[in-house]
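The values are calculated or read from the model by the stated rules, or taken from the named source; none is laboratory data. Owing to the predicted nature of the structure, the values given are computational and were not obtained by experimental measurement. All Cβ positions, glycine included, derive from the backbone under ideal geometry; neighbour counts span all protein chains shown.
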There are 2 protein chains.
Amino acid sequence: MAETTTTTLKDELIDQAGATPGDRIRVVLPDGTVHEGRLMPTHSFSRPGTLVLKLDNGYNIGLNTPEGTKLDLVAPEPAVSVPERKAPKGDKTLPTVQILGTGGTIASYVDYRTGAVHPAKRAEDLALMVPEVFDIANIRSKVVVEMFSEDMQPTEWQQIAEEVAKAFEAGARGVVIPHGTDTMGYTAAALAFMLPQLPGPVVLVGAQRSSDRPSSDAAMNLKAAVRIAATAHLGEVVVVMHDESDDTRLAIHRGVRVRKMHTSRRDAFRSINHPPLGYLEDDEVLLAAHIRPTTPLSEQKDGKVPRFLAMDEEVSMIQSYPGLWPDHILDVVKKGTILVGTGLGHVARRCLDAIRECTARGAYVVMTSQCLYGRTNMHVYATGRDLIHAGVISGEDMLPETAYVKLMWVLGQTQDPDEVRRNLHTNLVGEMDERTEMTTYLE
Amino acid sequence: MAETTTTTLKDELIDQAGATPGDRIRVVLPDGTVHEGRLMPTHSFSRPGTLVLKLDNGYNIGLNTPEGTKLDLVAPEPAVSVPERKAPKGDKTLPTVQILGTGGTIASYVDYRTGAVHPAKRAEDLALMVPEVFDIANIRSKVVVEMFSEDMQPTEWQQIAEEVAKAFEAGARGVVIPHGTDTMGYTAAALAFMLPQLPGPVVLVGAQRSSDRPSSDAAMNLKAAVRIAATAHLGEVVVVMHDESDDTRLAIHRGVRVRKMHTSRRDAFRSINHPPLGYLEDDEVLLAAHIRPTTPLSEQKDGKVPRFLAMDEEVSMIQSYPGLWPDHILDVVKKGTILVGTGLGHVARRCLDAIRECTARGAYVVMTSQCLYGRTNMHVYATGRDLIHAGVISGEDMLPETAYVKLMWVLGQTQDPDEVRRNLHTNLVGEMDERTEMTTYLE
């Protein structure tokens, strides 16, 4: 994204007040509203005309500054010399952990001079946020992509998966992927399908509060992720986040079974329809019995990590709701769609013909439930049976989001209808089970 | 729906075996698969060629019976004379409760001769399932509509709301609406907006297991609903269901705050971002402090229950996901849409132009979060701020489903843009709050 160079009223006001980023300023809008806080630097994501203030509560607000806005310097930020921080020399006796940066709140690096949170551009900034990680592992780090996680597309998943495979082939014992939390579940599922045989753990980790806020979970989560990558005998893609709102315990979630269930709580991530693979408590990793073990490189063809990166993007997702028009379905179904039905997997009967039309032209329609917990069962009621007759495939106890990623991945691997269907009905990497444990509800 | 009269291979097999509904039969399919169970009667929802068996586990399965299928009678159902059941004469000293049937699992009536579960056609069948309700209230009953809840549309919401208002005007103290669970939350939200001033409780109630299964929750839920309708000082639309998987406690959920969170558990319904309005334990109704009180008919204009039934159906719902195409948005947005965004309320930036196009042509775009728990906050990150600039309205801590119903309702009441926006930003019937209690997560 190119840096903007337009000069706006905002820039003039800042110049007139002699303010620079980091200074405390007061803004009085034409309607009399007063805002006070630290002036934040302009970065590539900023809108040209918007002035960004960091309020005392830690949040940033963006202000439009129409004609008549006043801006005063309250207190200039005292000049502080920032010690140059450098990564310690790696301890080669420790297991090697590769950190692959992708952006997101956890990768936001606090500039203590300006108080600004901005993305960690240098690879080692990530690890430097939590110096203790250098006592756990021999850290290598690299920024793969740098973006808000809501902007991630299959292309980025492929880039990340390729870097993960390469890292293991270059001797890493585990990989840590700091990631924005918005779509971390989708990326985790994608990596799980792309990399089904792993020589070590691949740990996605995020933060719900950026590291300039006292309540930040960034440091604890990153440290836990490095510990799991360095020590756990786990050949899976997992998500590691707070398990409780306090700092007592972290949960290790299977990548294809995890969902962000709260907009802001630190324990937002939950394993759905499957217990977590383990926990981390008092720096101790406790794994459950049902994990997938590692597959050493020596047991794999040519000593390579097998990767299956192709994805077919002609897949959509449609939530069912009372007024869902048949046209909505016909308009957005290309090669396949995930229906997020009601209850056991239903849609209004007036949509049946549209669904039949889609399957008749070769599209794959997979049914999941908007309840999220539980499993689809289309044999109980007549609507479900009619959907099966219309060619709809049951998503069993799969999350809608995982089903979406799986369908893209399956269509990326094969276009043979029998094979596509067989794959959709098969549990490939732990994404669905024949029976769901009822005890995993809202845990 | 017209009864089908086509004779199929299935009918011939049944005739040859001399079987009638209720008999135990064995079906051997051409591939050797054997199914044994009770032959179920054909009803209007059945597919003509499909034979329906009730298995010993209580579930029904539909079987296709291709050429070569064998069907044997295992044991004819012994003839049992079923005593004619009649509703007891109403006790006029008890408070009057109007039951309005709509269909769904709870309204399924067990024919003990055939073992078949079929919809309660007569009004009193519903109440007769739980004879104790006649000791709690003077029961009136009426079937308003008879359908699977996934087929309910705004037209049915309007019919039900009108009947509710009439019931109060005819002297009911409370109203009970047995309803299919699939879309019970949507209907509850719709009634809450349509009937904002109620002289008594309107209680939607469902069952997750039909009444022919030992684990059925139908009786306990219906009885609780009648008790609340007859006694609670509550001027709101609520949903009453099991609060735990055992039979200890039921929860009273605010209609605009409730969601079906499990496909099959009896405690599937949860209040989201708001504590339940109360509980029912040991036949005792315990109400919280934050309920809306009743508005007696005497205080309302002309002694009528005010109803605002108009709904605009040109509203859609779109879940954001990594591959969401801008075209998907342009194709399905008519007068308004609910975006079910990621995290604090985000969509991929590549969709911004499509959203701008929608708002520019006058469509209303409301942002909610697919996390479900928590609240949207579009001031924290640049993507959110850009969405606000694109004209997107924050849904705050509203459920996506409630936001969908609200937008339909608001557009039904007014087309004036300022008034629409004001209504969307205003808490009308408890559907959103300025602050969300963090403690309501996964409770």
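Residues A:Asp331, A:Asp418, A:Asp302, A:Asp353: which one is more than 30 Å from A:Glu169 (Cβ to Cβ) and modelled with pLDDT under 95?
Just a single option satisfies the conditions, and that option is A:Asp331.
Among the numbered criteria (1) more than 14 Å from every other protein chain (Cβ to nearest Cβ); (2) within 24 Å of A:Gly384 (Cβ to Cβ); (3) out of contact with any Leu (no Cβ under 9 Å at 6 or more places or on another chain); (4) at pLDDT below 85, which single criterion is violated by B:Gly58?
Result: B:Gly58 fails condition (1) only.
Any chance segment B:416-427 includes a residue that's surrounded by 23 or more Cβ atoms within 10 Å (Cβ to Cβ) and either among the acidic types (Asp, Glu) or not assigned by TED's automatic domain parsing to the domain that holds B:Met152 (or both)?
Scanning segment B:416-427 turns up no residue that is surrounded by 23 or more Cβ atoms within 10 Å (Cβ to Cβ) and either among the acidic types (Asp, Glu) or not assigned by TED's automatic domain parsing to the domain that holds B:Met152 (or both).
Return yes or no: is A:Gln319 closer than 18 Å to A:Gly395 by Cβ and more than 7 Å from chain B (Cβ to nearest Cβ)?
So A:Gln319 fails the test.
So for segment B:301-309 (the condition being out of contact with any helix residue (DSSP H, G or I) (no Cβ under 9 Å at 6 or more places or on another chain), at positive phi and not small (Gly, Ala, Ser)), does at least one residue qualify?
Looking for residues that are out of contact with any helix residue (DSSP H, G or I) (no Cβ under 9 Å at 6 or more places or on another chain), at positive phi and not small (Gly, Ala, Ser), one finds at least one in segment B:301-309, hence yes.
Residues that are in contact with a Gly (Cβ under 7 Å, 6 or more places away or on another chain), more than 20 Å from A:Phe148 (Cα to Cα) and within 12 Å of chain A (Cβ to nearest Cβ), at least 3 per element: which helices (runs of 4 or more DSSP H) completely within segment B:370-427 meet that?
So the answer is B:400-413.
Considering only residues that are charged (D, E, K, R) and assigned to a loop (DSSP other than H, G, I, E, B), look in segment A:220-274 and name the one that is farthest from A:Ile106 (Cα to Cα).
Among residues in segment A:220-274 that are charged (D, E, K, R) and assigned to a loop (DSSP other than H, G, I, E, B), the one farthest from A:Ile106 (Cα to Cα) is A:Glu236.
I'm trying to understand the selection: among the residues of segment B:346-369, which are within 14 Å of A:Glu150 (Cα to Cα), in contact with a helix residue (DSSP H, G or I) (Cβ under 6 Å, 6 or more places away or on another chain) and crowded, with 22+ Cβ neighbours inside 10 Å?
Hits for segment B:346-369 are B:His346, B:Ala348, B:Cys351.
State whether the residues of segment B:22-32 include one that is at pLDDT below 80 and either more than 14 Å from chain A (Cβ to nearest Cβ) or surrounded by fewer than 17 Cβ atoms within 10 Å (Cβ to Cβ) (or both).
The answer is yes; a qualifying residue exists.
Only one of (1) buried (at least 22 other Cβ atoms within 10 Å of the Cβ); (2) more than 23 Å from A:Glu437 (Cβ to Cβ) fails for A:Val332. Which number is that?
Checking A:Val332 against (1) buried (at least 22 other Cβ atoms within 10 Å of the Cβ); (2) more than 23 Å from A:Glu437 (Cβ to Cβ), the one that fails is (1).
For (1) assigned to a loop (DSSP other than H, G, I, E, B); (2) in contact (Cβ under 8 Å) with a residue 24 or more places away in the chain; (3) among the basic types (Lys, Arg), each residue gets a yes or a no:
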{"residue": "A:Asp302", "(1), (2), (3)": "no, no, no"}
{"residue": "A:Pro306", "(1), (2), (3)": "yes, yes, no"}
{"residue": "A:Ala310", "(1), (2), (3)": "yes, yes, no"}
{"residue": "A:Met317", "(1), (2), (3)": "no, yes, no"}
{"residue": "A:Pro322", "(1), (2), (3)": "yes, yes, no"}
{"residue": "A:Asp331", "(1), (2), (3)": "no, no, no"}
{"residue": "A:Thr337", "(1), (2), (3)": "no, yes, no"}
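Search segment A:262-281 for residues that are outside the structural domain of A:Gly235 (by TED's automatic domain parsing) and at pLDDT 95 or above and pair each with any residue that is surrounded by fewer than 24 Cβ atoms within 10 Å (Cβ to Cβ) and of a type in the set (Asp, Glu) when their beta-carbon atoms are under 8 Å apart and the residues are at least 6 apart or on different chains.
none
Here's the yes/no breakdown for (1) among the hydroxyl-bearing types (Ser, Thr, Tyr); (2) over 19 Å from the mean Cα position of the chain (by Cα); (3) at pLDDT below 95; (4) more than 30 Å from A:Gly412 (Cα to Cα):
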| position | (1), (2), (3), (4) |
| --- | --- |
| A:Ile160 | no, no, no, no |
| A:Ala170 | no, yes, no, no |
| A:Leu191 | no, no, no, no |
| A:Ala207 | no, no, yes, yes |
| A:Ile228 | no, no, no, yes |
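Return the residues of segment B:322-340 that are in contact with an Asp or Glu (Cβ under 8 Å, 6 or more places away or on another chain) and more than 7 Å from every other protein chain (Cβ to nearest Cβ); say none if nothing qualifies.
The answer is B:Pro326, B:Leu330, B:Lys334, B:Lys335, B:Gly336.
Given the criterion closer than 22 Å to A:Glu314 by Cβ, of a type in the set (Ser, Thr, Tyr) and touching a Phe, Trp or Tyr at 6+ places or on another chain (Cβ under 7 Å), identify the matching residue among A:Thr187, A:Thr183.
A:Thr187
Given (1) touching a His at 6+ places or on another chain (Cβ under 7 Å); (2) surrounded by fewer than 22 Cβ atoms within 10 Å (Cβ to Cβ); (3) on the phi > 0 side of the Ramachandran plot, where does B:Gly430 come up short, assuming only one miss?
Of (1) touching a His at 6+ places or on another chain (Cβ under 7 Å); (2) surrounded by fewer than 22 Cβ atoms within 10 Å (Cβ to Cβ); (3) on the phi > 0 side of the Ramachandran plot, only one is false for B:Gly430: (1).
Please count how many residues of segment A:50-68 are crowded, with 18+ Cβ neighbours inside 10 Å and outside any strand (DSSP E or B).
1
When the residues of segment B:245-274 are narrowed to those that are small (Gly, Ala, Ser) and out of contact with any strand residue (DSSP E or B) (no Cβ under 8 Å at 6 or more places or on another chain), which ends up nearest to the other protein chains (Cβ to nearest Cβ)?
Once the filter is applied, the top-ranked residue is B:Ser264.
Mind checking whether some residue in segment B:435-442 is at pLDDT below 95, outside any helix (DSSP H, G or I), on the phi > 0 side of the Ramachandran plot and surrounded by fewer than 24 Cβ atoms within 10 Å (Cβ to Cβ)?
yes
Within the group A:Ala363, A:Ala288, A:Ala354, A:Ala310, which residue is of a type in the set (A, V, I, L, M) and in contact with a Lys or Arg (Cβ under 7 Å, 6 or more places away or on another chain)?
After ruling out the rest, the residue left standing is A:Ala363.
Return the total of residues in segment A:280-315 being among the small types (Gly, Ala, Ser) and within 24 Å of the chain's Cα centre (by Cα).
2
Being at the interface with chain B (Cβ under 7 Å from one of its Cβ atoms) and farther than 27 Å from B:Leu442 by Cβ is the filter; apply it to segment A:348-369 and report the residue that is farthest from the chain's Cα centre (by Cα).
Taking the candidates together, the pick is A:Arg349.
Identify, by number, the condition in (1) polar (S, T, N, Q); (2) within 14 Å of chain B (Cβ to nearest Cβ); (3) touching a Gly at 6+ places or on another chain (Cβ under 8 Å) that A:Thr295 doesn't meet.
Of everything listed in (1) polar (S, T, N, Q); (2) within 14 Å of chain B (Cβ to nearest Cβ); (3) touching a Gly at 6+ places or on another chain (Cβ under 8 Å), A:Thr295 misses just condition (2).
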